[in-house]
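Enquirer: Questions regarding the structure given below will be posed in turn.
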Amino acid sequence: MSNHSINVARLLGRLSELGAIGRDADGRLVRLAASDADREGRDRFVSWIEAAGLEVAVDRIGNIFGIWAPADVTDVQPLMLGSHIDTVIDAGIYDGCYGVLSGLEVIETLKESGFVPTRPIVVAAFTNEEGVRYAPDMMGSLVYAGGLDADAALATIGTDGSKLGDELRRIGYAGDRVPGFLKPHAYIELHIEQGPVLEREGVPLGAVGNLQGISWQRVTIEGDANHAGTTPISMRRDAGHAAARVVIFLRERAKAANTPTVATVGCMEFEPNAINVIPSRATFTVDLRDPDEERLNQEEAALARFLETLSDEEDVTITVERLARFQPVKFDERIVAAIEAAAEARTLPCRRVTSGAGHDAQMIARIAPTAMIFVPSMGGISHNPKESTADDDLIAGANVLLDVVRKMTEE
Ligand code: HGY
Ligand code: MN
Ligand code: MN
Ligand code: MN
C-alpha cells in the first residue's frame with residue numbers, strides 16, 4: 001500500500017482558484033481558447049509551474065509545458081501528463097483542469113519528497129481541446145501529434161470571425177517551440193469521467209481502455225424566406241422545418257439502433273431569425289460518436305443519404321462541411337494494467353471504461369503509449385456548471401496517478 005500522497009489542500013485550492021477565472025457577467029465559466037479569460041487561466045497555471053521550479057515552454061500552437069528534467073536525464077524521453085484548461089460555455093471547473101493540475105501536483109509532490117526520476121516528467125496544458133471557438137476540438141494536441149499542420153491550425157477562423165494565430169499572439173501564447181519538440185516516452189491523462197458509469201457502479205476509479213470515434217459536421221440548408229401568414233404550406237421552401245427533420249432523424253435512428261452510437265445537434269441558427277418569416281437558411285452542427293469505426297462510417301453514410309432525400313422532398317439546397325473526424329483509439333495495455341495495479345495497491349475498486357468524450361489522449365496516442373484514468377462525475381454531468389466530483393475521488397485519482405508516475409520513473 002503506497003503511503004505517498006499529493007498535497008490535497010494545494011490541488012483542491014488550485015482547482016477552485018482556476019475555476020473562478022473566466023466568469024462572465026452572469027457568473028458562467030467561459031474560458032474559450034485564446035480568449036482573454038484563457039490568457040488569465042494560462043498565466044495562473046504558468047505562475048504555478050514557475051513557482052514549482054519547472055522549466056516553462058510554449059509551442060507555436062500555444063501548448064504550455066512544465067518540464068522537470070533533473071540534470072542527468074535531460075536527453076531521455078519524458079513521461080508526459082496533462083490535459084487542457086480551456087472550457088466550453090457555462091462549464092464546470094473540473095473538465096481538463098483536474099488533469100492539468102493533478103499532473104503538476106504529482107510533479108511537485110515527487111520533487112518535494114526528494115525523489116529523482118529516471119526520466120523527465122512533463123505536465124502539458126494543450127490548446128483548444130474543446131473546439132467551441134475554433135474547430136476541430138483537441139486541436140493543440142492534434143497539432144502536437146502531427147495530425148494537423150501548425151500553420152493550417154493557426155489560420156483557423158473561429159465562430160466569432162477571429163483567427164487563432166492572431167488571438168494566440170494577442171494573448172501572448174504564440175510560442176516558439178516546434179509542436180512535438182518533446183517526444184513522450186508515455187502519456188497519462190487523468191480526467192473526470194463526464195458520464196454515469198463509475199457513479200452508477202459505485203466504483204471510484206476507471207482505467208480507460210479505449211475512446212470512441214468522433215465525427216463533427218456543419219450542415220447548411222438553404223430555402224426561401226417568405227411570409228409566415230400568406231404562404232401556403234405546399235409552397236414553402238422552409239429551411240427551419242428541414243433542419244428540424246434532421247434532428248428527429250438522428251434521434252430516432254440512434255434510439256432504434258440499440259448500439260452505443262450517439263448523435264447531437266448542439267448548435268443551430270436560423271436566418272433571418274424573425275418570428276413571422278419562414279427561415280431561408282438553417283445552419284447547424286452534427287456530433288456523431290461510436291466506439292466502432294465501421295459503425296461510425298455507416299452513421300455518417302446514413303445521414304448523407306437522408307440529407308439527399310430531404311433536399312428533394314423539401315426542395316431545399318443542403319451543403320455539408322466536415323469539421324472533425326477522429327477514429328476510435330485503444331490505449332496502451334501495459335499502462336492500463338499499471339493503473340489497475342496502482343488502484344489495487346491502494347485497495348481502491350477500479351473498472352475498465354470506454355471514454356465517450358474526446359480527450360487530448362486520443363491525439364497523443366498517435367505518437368506515444370497512452371492511457372487515461374477516470375474518476376466519477378456526480379450524476380454523470382459535465383459540460384454544465386453542475387459538473388462535480390467528490391473530493392475523496394479527486395484525491396484518490398491524483399494519488400493513483402502519483403503511484404503510476406513514480407513506478408514508471410523509478411526503474
Ligand atoms: O467533445 C469532446 O468530447 C471534448 O470535450 N472536446
Ligand atoms: Mn476535457
Ligand atoms: Mn470537455
Ligand atoms: Mn475532452
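The values are calculated or read from the model by the stated rules, or taken from the named source; none is laboratory data. This is a predicted model, so every value here is computed, not measured. Neighbour counts run over all protein chains shown; Cβ positions are idealised from the backbone, glycine included.
Enquirer: Just to be sure I understand, how many residues within segment 367-383 are at positive phi and either of a type in the set (D, E, K, R) or not in a helix (DSSP H, G or I) (or both)?
Expert: Residues that pass the stated criteria total 1.
Enquirer: Please state which of the following conditions Asn258 fails to meet, knowing it meets all the rest: (1) more than 23 Å from the chain's Cα centre (by Cα); (2) modelled with pLDDT of 95 or more.
Expert: (2)
Enquirer: Can you tell me which residue is surrounded by the fewest Cβ atoms within 10 Å (Cβ to Cβ) among those in segment 308-317 that are of a type outside the set (D, E, K, R) and in a helix (DSSP H, G or I)?
Expert: Only one residue tops the list, namely Thr309.
Enquirer: Right, something else. If you take the residues of segment 119-149 that are assigned to a loop (DSSP other than H, G, I, E, B) and either outside the structural domain of Ser35 (by the TED database) or β-branched (Val, Ile, Thr) (or both), which of them is farthest from ligand 4 (Cβ to nearest atom)?
Expert: First, the residues of segment 119-149 that are assigned to a loop (DSSP other than H, G, I, E, B): 119-120, 127-138, 145-149.
Next, only the ones that are either outside the structural domain of Ser35 (by the TED database) or β-branched (Val, Ile, Thr) (or both) stay: 127, 132.
Working: Thr127: 13, Val132: 11 Å.
If we take residues in segment 119-149 being assigned to a loop (DSSP other than H, G, I, E, B) and either outside the structural domain of Ser35 (by the TED database) or β-branched (Val, Ile, Thr) (or both), then Thr127 is farthest from ligand 4 (Cβ to nearest atom).
Enquirer: Could you please find all residues in segment 110-144 being of a type in the set (Val, Ile, Thr) and surrounded by 23 or more Cβ atoms within 10 Å (Cβ to Cβ)? Write out each step before concluding.
Expert: Step one: of segment 110-144, the residues of a type in the set (Val, Ile, Thr) are 116, 118, 121-123, 127, 132, 143.
Once the filter is applied, which keeps residues that are of a type in the set (Val, Ile, Thr) and surrounded by 23 or more Cβ atoms within 10 Å (Cβ to Cβ), segment 110-144 yields Ile121, Val122, Val123, Thr127, Val143.
Enquirer: Could you please let me know if Arg253 is under 28 Å from Asp137 (Cβ atoms), exposed (fewer than 15 other Cβ atoms within 10 Å of the Cβ) and touching a residue at least 40 places away in the same chain (Cβ under 8 Å)? Even if it seems obvious, please write down each step before you answer.
Expert: On the way: under 28 Å from Asp137 (Cβ atoms): yes; exposed (fewer than 15 other Cβ atoms within 10 Å of the Cβ): no; touching a residue at least 40 places away in the same chain (Cβ under 8 Å): yes.
Criteria not met by Arg253.
Enquirer: Okay, moving on. Need the failing condition index for Pro385 against (1) more than 25 Å from Leu12 (Cα to Cα); (2) under 19 Å from the mean Cα position of the chain (by Cα), just the number.
Expert: Failing condition for Pro385: (1).
Enquirer: As an exercise: evaluate Gly358 against (1) surrounded by fewer than 22 Cβ atoms within 10 Å (Cβ to Cβ); (2) within 24 Å of Val247 (Cα to Cα); (3) within 16 Å of ligand 1 (Cβ to nearest atom) and give the number of the one condition it does not meet.
Expert: Gly358 satisfies every listed condition except (1).
Enquirer: Run down Asp95, Asp75 and say which single residue is modelled with pLDDT of 95 or more and assigned to a loop (DSSP other than H, G, I, E, B).
Expert: Within the list Asp95, Asp75, the selection yields Asp95.
Enquirer: Name the residues in segment 269-307 that are on the phi < 0 side of the Ramachandran plot, of a type outside the set (A, V, I, L, M) and assigned to a loop (DSSP other than H, G, I, E, B), would you?
Expert: The answer is Pro272, Asn276, Pro279, Ser280, Pro291, Asp292.
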